[in-house]
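Structure in structure tokens, see below.
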Amino acid sequence: MENILITRIKQIMNEKNITPAELSRLTGIRPSSISDYLVGKYMPKQDKIALISDALSVNPGWLMGYEENPKFNFYATAHEQSLIKKYRLISPEGKETVDTILDIQYKAVQPKVKENEVI
């Protein structure tokens, strides 16, 4: 029986159309290691799980089987957390500007986002 971690990595890779080579590029993990993980030869260690969860934009807890539904998990990468911290420090006028730009950018990609897709 396949480990839940590997099942979920494969699930998200499939949903996001990410190849093992692309996951390797996104994480900096060697392609051979990604391949070994996906066939169950080895299990990724905690630092690699963190890299994989960041690359796939999922909560590491969900990836490891501790959470049941990824759609109800809010997970932010370190970069996204940094942006949130900065956003909280800017003036109301600055927030309005950021919100307007974000809305414009989101509308530009909205047709590409599938309904119910976790982004």
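The values are calculated or read from the model by the stated rules, or taken from the named source; none is laboratory data. Remember, it's a predicted structure, so these values are computed and weren't measured experimentally. A quick note on method: Cβ atoms are made from the backbone with ideal geometry, for glycine too, and the neighbour counts reach across all protein chains shown. For the accessible areas, the whole protein counts, side chains as well, though only heavy atoms, and no ligand, DNA or RNA atoms are used. Shrake-Rupley method; radii C 1.70, N 1.55, O 1.52, S 1.80 Å.
I want to confirm something. Restricting to segment 1-14 and keeping residues that are open to solvent by 60 Å² or more (accessible area, probe 1.4 Å) and either touching a Pro at 6+ places or on another chain (Cβ under 6 Å) or in contact (Cβ under 8 Å) with a residue 40 or more places away in the chain (or both), which single residue is farthest from Thr77 (Cα to Cα)?
In this case the residue turns out to be Asn3.
Quick one: in segment 26-48, which of the residues that are over 21 Å from Thr77 (Cβ atoms) and of a type in the set (Lys, Arg) is least open to solvent (accessible area, probe 1.4 Å)?
Lys41
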